[in-house]
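Please treat every number below as a calculation from the coordinates, not as lab data. It should be emphasised that the depicted structure is a prediction, and the values quoted were computed from it without experimental measurement. Backbone-built Cβ (ideal geometry, glycine too); neighbour counts: all protein chains shown.
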Amino acid sequence: MITWSSDVPLEELRAYQLKCINEQVFRLFRCSRRYRSLCGGTIETLDSFSDYEKLPFLSSDDIISAGTDMVCVPQREIRRIVSLKTSGTENVKRIYFTSGDIERNISFFDEGMRPLCTAGDTVMIFMPGAAPDGISGQLSEGLSRFGAIPVRYGLISDYGEAALRCSQLKPNTIVGLPVPVRRLALTAPEIRPRNVLLSADYVSPSVADTVSRVWGCEVYLHYGLTESCYGFAVECPYHSGMHIRNDEFYVEIIDPSSGLPLPCGEEGIITFTTLRREAMPLVRYRTGDVGYLTEEPCGCGSKLPRLARVSGREKTLSRRPNINEIDDILFALDDVLDYRASYGSGVLSLELLLRPGAELCGPERVLQEKYEELTIQTELWTGEQLPGKRALEYRD
Amino acid sequence: MEERKWLCGRCGGELVKRKTLFEYMGRTFSENILNCPKCSMVLIPSDLALGRMAEVEEILEDK
């Protein structure tokens, strides 16, 4: 039996994965009219990964338009549906999970969190997901299984209050979205958890560095998405790439222009096939996130490929300026807590939320070096909040 | 014009409008819809299913 932490030889893993892929592909083909049509109406046993690489890709749009067509179990076996509004449209992407799908994800959270905390440790969870079987619910369940004490705080709106709760509860570990956790660190440097897990958004190296420096803690990265039932890959204490849930996903990095798989080390679209999904198998699903794999052995002894880096959304990275680049630049400045930006007609306008008493030295200059061709305008804010959340809006 | 009568497909009882409680993901909401007084079967009209129910579902089906 292969589990997330099994360190089996790659050949053995691939044989297991190919067997699971065949089962998932045939089940989806049998249940989904849309998938049958995508495959041109016929399908044959996949004897090798080169057979597999001839299969069509699935996109977000395929899931949206398929609706329940891609659900492969009777509706009574669905335990949880997650509805995702796609930005800029009225379309809703719905992902379906059975109890088994959720249970296996909770087991991954249980195993994946053990290097960070132990029985009796308090873990503050600054993540969304108050609904039953949401992200923070599943994480809490995973933590409780080995005796850690999860505190489901939710997203932070009042940083003073969040800091106060942390100073009362003295968490060993903090889990949250990168930018809010960085802001909490700069607001309350005295909290000093031992470990921090950042997830659910692009993690700029400058964000991870700030959190680790200010709190003197270890920062672990996790990559996951709703389509993966949240858990996908997480770092071990050696921080040498995120260990993939190889028992659940077969991962490829796809060249966006040719559609061909790329070797380890080359950046492309993170694409995966579910291996044990009951409710809604996904085959060659293009996540739209850009990243690359590494096969350098990890300090923990694992020789299996890992997700080395996730650089952001394909759509975001194709634009200039983009929010990830601005994150990298602005979040290297400790005086900047948060920002909102808009861009149009060669003008990049920024509203910067500053730390109280900040003497900000030249964010325009740093940005100007990166974007020589643009005019940079900044407006400085101090106090609790910027109006609206961190974003880069394109005016044109 | 006289309103059309609905009969229960399961037991033949005449459906009447009644406040009905819906529960989903730990939350409840109510609607006045046709119910069978004998066996409690309910008739969910398509405008409710595709309208308010779909909206509430999407709101609750959060990450």
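For n ≥ 4 DSSP H runs only, could you compute -39500 (n - 2.57) per run for chain A, divide by its residues and tell me the 222 nm figure to the nearest 500? Numbers along the way, then the final one.
Numbers: 12 runs with 116 residues, N = 396.
It comes out at -8500 deg cm²/dmol, rounded to the nearest 500.
Roughly speaking, what % of Cα-Cα pairs in the range A:316-396 are separated by over 19 Å, rounded to a whole number? Please list the in-between numbers first.
Numbers: 964 of 3240 pairs.
Of all Cα-Cα distances in the range A:316-396, 30 percent exceed 19 Å.
Restricting things to alpha carbons, find the Rg to Rh ratio for the range A:1-139 using the Kirkwood radius for Rh. Before the final figure, lay out each step's value.
On the way: Rg = 18.2 Å, Rh = 18.0 Å.
The Rg/Rh ratio comes out at 1.01.
I need the P(r) histogram for the range A:194-334: all alpha carbon pairs, bin width 5 Å from 0 out to the longest distance, whole percents.
The calculated distribution, bin by bin, is 2, 10, 18, 21, 21, 16, 9, 3, 1, 0.
Using Cα-only point scatterers and the Debye equation, what is log10 of I(q)/I(0) for the protein assembly as shown at each q in 0.07, 0.11, 0.13 Å⁻¹, rounded to two decimals?
Computed log10 I(q)/I(0) values: -0.43, -0.99, -1.29.
Stokes-Einstein D for the range A:341-384 at 10 °C, 1.306 mPa s, Kirkwood Rh over Cα pairs, in µm²/s? Could the numbers behind the result be given before it?
Values: Rh = 11.2 Å.
After rounding, the answer is 142 µm²/s.
With viscosity set to 1.567 mPa s at 4 °C, what whole-number translational diffusion coefficient in µm²/s follows for the range A:246-396 from Stokes-Einstein and a Kirkwood radius over Cα pairs? Can you show the working numbers first?
Details: Rh = 18.1 Å.
Answer from the Stokes-Einstein relation: 71 µm²/s.
Project the alpha carbons of chain B onto their principal axes and report the range along each, largest first, in whole Å.
In descending order, the Cα extents are 44, 26, 17 Å.
Not counting the cut sites, what is the longest span of chain A without trypsin sites (Lys or Arg not before Pro) that DSSP labels loop and that have at most 16 other Cβ atoms within 10 Å? The partial results should precede the final answer.
Numbers: sites that count: A:Lys54, A:Arg145, A:Arg194, A:Arg276, A:Lys303, A:Arg319, A:Lys389, A:Arg395.
Formally, the longest exposed-site-free interval is A:55-144.
Under the 0.36 nm per residue contour assumption, what length would be gained going from the current alpha-carbon distance of A:Ser6 and A:Glu90 to full extension?
On the way: separation 84, 0.36 × 84 = 30.24 nm, distance 4.20 nm.
In short, 26.0 nm is gained.
Set the Förster distance to 51 Å, then compute FRET efficiency between B:Arg27 and A:Ser212 from the Cβ-Cβ distance, nearest 0.05. List each step's numbers first, then the result.
Details: r = 39 Å, r/R0 = 0.77.
Here the calculated transfer efficiency is 0.80.
Going 7 Å from the Cα of A:Val347 along its beta-carbon direction, which residues of the range A:367-396 have the amide nitrogen within less than 11 Å of the resulting point?
The answer is A:375-378.
Please give the length that would be gained between A:Ser257 and A:Arg319 if that part of the chain were fully extended, namely 0.36 nm times their separation in residues minus their C-alpha to C-alpha distance (nm, one decimal).
Working: separation 62, 0.36 × 62 = 22.32 nm, distance 1.63 nm.
20.7 nm is the gain from fully extending A:Ser257 to A:Arg319.
Going by alpha carbons, how many degrees (0 to 90, nearest 10) lie between the helix axis of A:99-113 and the longest principal axis of chain A?
Taking the Cα atoms of chain A, the angle to A:99-113 is about 50 degrees.
Using the Cβ atoms and a cut-off under 14 Å, what net charge is assigned to the surroundings of A:Thr122, where Lys and Arg are +1 and Asp and Glu are -1?
Values: positive: A:Arg152, A:Arg165, A:Lys170, A:Arg192, A:Arg194; negative: A:Asp121.
In short, +4.
In a shell of Cβ-Cβ distance under 15 Å around B:Glu55, excluding B:Glu55 itself, what net charge do Lys and Arg (+1) and Asp and Glu (-1) give?
On the way: positive: A:Lys85, A:Arg94, B:Arg27, B:Arg52; negative: A:Glu90, B:Glu31, B:Asp47, B:Glu57, B:Glu58, B:Glu61, B:Asp62.
Here the charged neighbours net out to -3.
For the range A:101-195, max minus min Cα coordinate along each principal axis, in Å, sorted largest first?
38, 25, 19
Be a star and scan the range B:21-63 for residues whose amide nitrogen sits under 14 Å from the point 7 Å along the Cα-to-Cβ vector of B:Arg4.
B:44-47
Between A:Glu372 and A:Lys19, what is the label-point separation in nm under the 7 Å Cα-to-beta-carbon projection?
About 5.8 nm separates the two model spin labels.
Taking the Cα atoms of the range A:79-135, report the difference between the largest and smallest coordinate on each principal axis, in whole Å and largest first.
44, 25, 17
Pairs of Cα atoms under 8 Å, at least six residues apart: use those to get the relative contact order of chain B, whole percent. Write out the running numbers ahead of the final one.
On the way: 68 pairs, mean separation 15.0, N = 63.
Computed over chain B, the figure is 24 percent.
Can you flag which of A:Lys93/B:Lys38; A:Lys389/B:Lys63; A:Lys19/B:Lys63; A:Lys54/A:Lys303; A:Lys389/B:Lys19 are past 29 Å Cα-Cα? It would help to have the intermediate numbers written out before the result.
On the way: A:Lys93/B:Lys38 39 Å; A:Lys389/B:Lys63 18 Å; A:Lys19/B:Lys63 31 Å; A:Lys54/A:Lys303 27 Å; A:Lys389/B:Lys19 40 Å.
A:Lys93/B:Lys38; A:Lys19/B:Lys63; A:Lys389/B:Lys19, as the Cα separations exceed 29 Å there.
Given R₀ = 60 Å, FRET efficiency for A:Glu296-B:Leu48 by Cβ-Cβ distance, to 0.05? Mind dumping the intermediate values first?
Working: r = 57 Å, r/R0 = 0.95.
Plugging the Cβ-Cβ distance into 1/(1 + (r/R0)^6) gives 0.60.
What's the average, rounded to a whole number, of partner chain beta-carbon atoms within 10 Å of each residue's beta-carbon in B:55-61?
Numbers: counts 0, 0, 4, 6, 2, 4, 10.
What the average comes to for B:55-61 is 4.
Evaluate E = 1/(1 + (r/R0)^6) for A:Phe26 and A:Ser311, where r is the Cβ-Cβ distance and R0 equals 30 Å; express this FRET efficiency to the nearest 0.05. Provide the component values of the computation, followed by the final result.
Values: r = 34 Å, r/R0 = 1.14.
That pair, A:Phe26 with A:Ser311, gives E of 0.30.
Can you give the extra length, in nm with one decimal, that the chain gains between A:Glu103 and A:Phe57 once fully stretched, where that is 0.36 nm per residue apart less the Cα-Cα distance? Let's see the in-between values first.
Values: separation 46, 0.36 × 46 = 16.56 nm, distance 2.70 nm.
Taking A:Glu103 through A:Phe57 to full extension adds about 13.9 nm, to one decimal.
Rounded to whole Å and sorted largest first, what semi-axes of the equivalent ellipsoid does the C-alpha gyration tensor of the range A:1-49 yield via the square root of 5 times each eigenvalue?
Details: eigenvalues 146, 26, 9 Å².
Each semi-axis is the square root of five times an eigenvalue, giving 27, 11, 7 Å.
With axes computed from alpha carbons, what is the tilt in degrees of helix A:178-187 against the longest principal axis of chain A, rounded to the nearest 10 within 0 to 90?
30 degrees
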